[in-house]
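Every number here is computed from the coordinates shown, using simple stated rules; none is lab data. If you're wondering where the values come from, they're calculated on a predicted model, not measured in any experiment. Cβ coordinates were reconstructed from backbone atoms using ideal geometry, including for glycine residues, and neighbour counts include every protein chain displayed.
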């Protein structure tokens with residue numbers, strides 16, 4: 001058995017957005033879970049806070065054995081970084097996608113004003129969000145997102161909470177392997193070098209022809225990256241358990 005995988009969703013959406021990855025990874029024999037964060041999906045109406053979101057992720061990790069590869073996109077990426085910094089012993093590896101922008105700057109500029117404006121609409125912007133996903137996602141990706149509902153009412157609280165976090169410090173405190181994944185067309189790439197430099201053991205991957213929702217724009221490619229990360233982490237875990245040399249050496253031997 002390999003290392004379990006915990007998938008953490010983005011803003012307004014839910015664990016259902018990971019349907020393509022769950023199907024592809026489970027088809028390869030991986031154990032995969034995709035919990036809903038507070039205020040989203042099956043937990044709409046609950047108050048969101050970064051602490052509650054981190055607790056949700058750690059509970060999911062405990063549910064699959066206490067140690068896992070953690071994969072997050074956008075909001076989920078920030079939450080996953082915070083979880084890895086808070087509980088590094090439970091995070092065997094970290095894949096942080098579409099989140100290499102300092103939230104205090106990027107969230108305020110890109111999301112806060114639209115969120116306030118949509119909050120004034122009768123449906124809180126639900127119709128606009130649904131139309132956007134149907135126009136920009138293809139091959140069943142829109143249905144994967146929309147099936148879990150759109151928690152448009154959670155946006156302002158999420159933005160306020162995440163804007164206060166320091167992801168670079170959290171990354172620096174986590175010494176395990178990190179994969180920073182961005183769509184080549186993603187506006188959230190603006191600080192990717194600073195995020196990469198903060199990692200003790202980092203890799204930076206840009207996926208061609210993909211935007212912010214890289215896992216849905218390029219579901220097969222993204223799933224392959226996650227599967228490869230899971231393989232690397234599994235080799236390192238076995239090396240650590242056996243005490244047989246450095247994980248880096250074993251990983252290189254296995255890749256050859």
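Annotations for the structure displayed:
- Cα shape, the stretch 132-235, gyration tensor, a/c 1.5 rule: oblate
- Cα centroid separation - the stretch 152-208 against the stretch 5-39, whole Å: 19 Å
- Fewest-first ranking of 187, 212, 9, 40, using other Cβ atoms within 10 Å as the exposure measure: 187, 212, 9, 40
- The label point for residue 42 and the one for residue 169, both projected 7 Å from the Cα toward the Cβ, are 3.5 nm apart.
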